[in-house]
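Notes follow the structure.
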Amino acid sequence: MKSPVLTALALVVASLPLAALAQEPVVGAPNPDALFHSPNPRLNANMQAVYHIEKDLLGAGHWDEADKYLTARYLQHNPSFPSGRDTVVNAFSKFMKPRPIPAKLQIPVVAVVAQGDMVIVATPRVVKDANDPSKTYTTTWFDMWRMKDGKADEHWDCATKMR
């Protein structure tokens, strides 16, 4: 037997306008470049390497410079890309053509967290609403790198397999 309180609560929630259930939009910081700095020299160096991965490699497609920022073994936990710097470079180079590297990062960033040998970058992600493809909503994407000797040696994100 259902609880009368739970039944009443379900009726109240079902009668609310959808706008009342909408989450706050995920937005980037006004100056994402400022997030990639730390007073700690080691953390700052790691954050700067990740900054260039985001701006130069992922943003501008300059995979020819990947050896500056990724170790040769580069372990990849994204299920759509195999491990190894050369393999990742080859995969991304197939669908990203190099563009001029901008002076500043061109993507919105919510936060950058660095601790020990790890750097995490949170970015807004716009997603189509599965219930109504004409609508979108925002959520947060996370990338995390383990750094070794100033380069990314391992990468995680929340990606699922690409079709």
The correct count of residues that are open to solvent by 60 Å² or more (accessible area, probe 1.4 Å), assigned to a strand (DSSP E or B), out of contact with any helix residue (DSSP H, G or I) (no Cβ under 9 Å at 6 or more places or on another chain) and not aromatic (Phe, Trp, Tyr) in segment 140-163 is 2
From the set of residues in segment 75-97 that are among the small types (Gly, Ala, Ser) and in contact (Cβ under 8 Å) with a residue 24 or more places away in the chain, which is farthest from Lys55 (Cα to Cα)? Ser80
Considering only segment 108-129, state which residues are out of contact with any Lys or Arg (no Cβ under 8 Å at 6 or more places or on another chain), open to solvent by less than 60 Å² (accessible area, probe 1.4 Å) and not in a strand (DSSP E or B). Val109, Val110, Gly116
Given the criterion closer than 23 Å to Gln115 by Cα, of a type in the set (D, E, K, R) and either under 16 Å from the mean Cα position of the chain (by Cα) or open to solvent by 20 Å² or more (accessible area, probe 1.4 Å) (or both), identify the matching residue among Lys94, Lys68. Lys68
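Yes or no, residue by residue, for (1) modelled with pLDDT under 95; (2) under 25 Å from Ile120 (Cβ atoms); (3) out of contact with any Ser or Thr (no Cβ under 9 Å at 6 or more places or on another chain):
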position	(1), (2), (3)
Ser3	yes, no, yes
Ala19	yes, no, yes
Pro39	no, yes, yes
Ala49	no, yes, yes
Glu65	no, yes, yes
Leu70	no, yes, yes
Gly84	no, yes, yes
Pro100	no, no, yes
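The values are calculated or read from the model by the stated rules, or taken from the named source; none is laboratory data. Keep in mind the model is a prediction, meaning the values are calculated, not measured. Ideal geometry is used to build each Cβ from the backbone, glycine not excepted, and the neighbour counts take in all protein chains shown. These area figures cover heavy atoms from the full protein model, side chains too; ligands, DNA and RNA do not enter into them. Shrake-Rupley method; radii C 1.70, N 1.55, O 1.52, S 1.80 Å.
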